[in-house]
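For reference, the structure is listed below as structure tokens.
The values are calculated or read from the model by the stated rules, or taken from the named source; none is laboratory data. Fair warning: this is a prediction, and the values are worked out from it, not measured in the lab. Neighbour counts are summed over all protein chains in view; Cβ atoms, including those assigned to glycine, are modelled from backbone coordinates with ideal geometry. With ligands, DNA and RNA removed, areas are computed over all heavy atoms of the protein, side chains included. Shrake-Rupley method; radii C 1.70, N 1.55, O 1.52, S 1.80 Å.
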Amino acid sequence: VAALVERSRAALAEIEHYTQEQVDDLITAMVYSVAKEDTAKMIAQHTIDETKLGNYDGKFLKIFRKTRATLLDIIDDKSVGVIEEDKDREIVKIAKPVGVIGALSPSTNPEATPVIKAISSVKGRNSVIIAPHPRAKKTNKLIVDLMRDAIVKLGAPADLVIGIDEPSVQKTNDLMQQCDRVLATGGGAMVNAAYSSGTPALGVGVGNAVITVDETADLDDAAEKIRISKTLDLAASCSADNSVILLDPIYDTMLEKLKAKGGYVLDDSAKSKLQNVLWKDGAINAQIVAQTPDFIAAEAGFEIPEGTQFFIVPETGYGPDFPFSGEKMSVTMALYRAPDIDAAIELTNGIQGYQGEGHSCGIYSTSDDNIMKLASNTKTSRVMVNQPQAASNSGNVWNGMRQTFSLGCGSWGNNSINHNITWRDLVNETWVSRPLPKTKEIPEDDVLFARVLDKL
């Protein structure tokens, strides 16, 4: 790993004085190298063949569409030299590279994650070393090699992007200790290791999205978007709808619409069997993650009707005694009933207090009052309104969220940040401060403290 870091630093030095145009040419070429249709199809199939996680359609969307959308999102950002001027405060901000970025890539999103982290790094004139999950090491090498070839064709050093070809926990730990900033996406243990590495780290929290559908919602639209989110890449994303709360007035009607979209409601017997296969020794069973309903049902030992796309598990409680209230990483959705928006908010907080606090929740509604009440009273970093959660909270072309696969969860999720991580988190800033045209004057005490003087 030390040799890789040395090579990475040498490449970093070569682009120290690159212009904005040169940087943007590089990241455009990097995306094009993997997102061309035929190449994207090849990568999608390769990813499925190697990891046995998710499905082809989901992988193709991520490498073909998500990478393009991320490029579109950042290409016009100023990331070299002066990036911001605050006239009121007479502050000018200058961006400078952090250095070598150590980027962790999970097995569930190994197709687009290396690309997004690499272009976010290079956008800030950094170099990046990508440590993949061992289950996706060949996919990572394939993608990294394509980006390296594109970089060389533009006259830049290939070692701006380096992959660890034979990953291990030790190599990942060594990388995190030797790089300049860690960009950690993956399981809780790996994120905690990043925080303990001694290197400044940007980590993510546990996902356990809770979605509310109220009485004002377009129920057909909500049902279709919940299906999209729950089944995208067979729920490989931690942002897939884990729990759905239906308010009383629309409960029966909405449930029928979810069933019409391929949702299968489990009875108590099937629920028990599914629980036994979804969790082993209190942890999610890796063999069930991002698998088809047919596979999961067969493993669990219950029958499902043809056309089943996801499981609906009626639930009432939350916490360790109600495991379906937690993250499931599968096409399994816990279903709750609430009398009103206040009860839905209480349920959301209870569910995410168990798992997923700070990550994301959503609401299908046309009531601004309900939307803002839920947003104001939940401990969450993102509220997706009338959007498929898994395809939206990390940014999409239909919303204004920054494009990423790294979602900070704030102090609620034990993260230092709670926004969508982008290149802006991978640069240092020099603030140039000039004197104000007029020096500020501190008011007399009877003015400055007026609001509390009569109370003290």
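What is the gain in length, in nm to one decimal, between Ala343 and Leu436 on full extension, counting 0.36 nm per residue of separation less the C-alpha to C-alpha distance?
28.4 nm
Need one number: nm distance between label points at Lys171 and Lys93, each 7 Å from Cα along Cα→Cβ, rounded to one decimal.
Placing both labels 7 Å beyond Cα along the Cβ direction yields 3.6 nm.
Rounded to the nearest Å, what's the spacing between the alpha carbon centres of region 252-277 and region 1-78? Just the number, please.
Using only Cα atoms, the two centres lie 38 Å from each other.
What does the convex hull of the Cα atoms of region 199-349 come to per residue, in Å³, rounded to a whole number?
132 Å³
Assuming R0 = 25 Å, can you tell me the calculated FRET efficiency for the pair Phe322 and Asp252, based on Cβ-Cβ distance, to the nearest 0.05? Don't skip to the end; give the middle numbers.
Working: r = 23 Å, r/R0 = 0.91.
Step by step, r from the Cβ atoms, then E = 0.65.
If you build the Cα gyration tensor of the chain and take the root of 5 times each eigenvalue, what three semi-axes come out, in whole angstrom, biggest first?
Values for the chain, descending: 38, 32, 19 Å.
Provide Rg over Rh for region 295-358; use the alpha carbon set for both Rg and the Kirkwood Rh (inverse mean inverse pair distance).
Across region 295-358, the Cα-based Rg/Rh ratio is 1.03.
Could you sort 125-134, 328-337, 420-429 so that the peptide with the highest average Cβ count within 10 Å comes first and the rest follow in order? Walk me through the intermediate numbers first.
On the way: 125-134: 25.8, 328-337: 23.8, 420-429: 19.8.
Top to bottom by mean Cβ count within 10 Å: 125-134, 328-337, 420-429.
Using the Kirkwood formula on the Cα atoms of region 309-431, what hydrodynamic radius do you get, in angstrom to one decimal? Please report the intermediate quantities before stating the final value.
Numbers: mean 1/r = 0.0634 Å⁻¹.
In region 309-431 this quantity evaluates to 15.8 Å.
Determine the dipole magnitude for the chain: charges of +1 sit on the beta-carbon of Lys and Arg, -1 on that of Asp and Glu, nothing else is charged, the reference point is the Cα centre, and the result goes in debye to the nearest 20.
Once rounded to the nearest 20, the dipole reads 1300 debye.
Work out the length of the dipole vector of region 56-182 about its Cα centre, built from +1 on the beta-carbon of each Lys and Arg and -1 on the beta-carbon of each Asp and Glu, and round it to the nearest 20 debye.
Details: 21 positive and 17 negative charges, 78 e Å.
That gives a dipole near 380 debye.
How much length would be gained if the chain were fully extended between Glu84 and Ala189, taking 0.36 nm per residue of separation minus their Cα-Cα distance, in nm to one decimal?
Numbers: separation 105, 0.36 × 105 = 37.80 nm, distance 3.68 nm.
Gain on stretching Glu84 to Ala189: 34.1 nm.
Please list 74-83, 433-442, 37-46 highest first by mean number of surrounding beta-carbon atoms within 10 Å per residue. Intermediate values should be presented prior to the final figure.
Numbers: 74-83: 15.2, 433-442: 7.4, 37-46: 16.7.
Most protected by this proxy first, the peptides run 37-46, 74-83, 433-442.
Using a 1.4 Å probe on the protein heavy atoms, what percent of the accessible area of region 10-97 belongs to carbon and sulfur?
It is 51 percent, rounded to a whole number.
Work out the FRET efficiency for Asn276 and Ala13 from their Cβ-Cβ distance, taking R0 = 41 Å, and round it to the nearest 0.05.
0.15
So if I place +1 on the C-beta of Lys and Arg and -1 on the C-beta of Asp and Glu, and nothing else carries charge, what would the dipole magnitude of region 406-456 be about its Cα centre? I want it in debye, nearest 20.
Dipole about the Cα centre, nearest 20: 220 debye.
For region 284-318, which GluC sites (Glu not before Pro) are both in a DSSP coil and crowded by at most 11 other Cβ atoms within 10 Å?
Glu303, Glu306
Using alpha carbon centroids, what distance separates region 329-364 and region 173-201, in Å?
Taking the Cα centre of region 173-201 as reference, the centre of region 329-364 is 30 Å away.
So what's the convex hull volume per residue for the Cα atoms of region 129-277, in Å³?
In region 129-277, the Cα convex hull volume per residue is 185 Å³.
Can you compute the helix-only [θ] at 222 nm over the chain? Use -39500 (n - 2.57) per DSSP H run of at least 4 residues, normalise by all residues, nearest 500 deg cm²/dmol.
-11500 deg cm²/dmol
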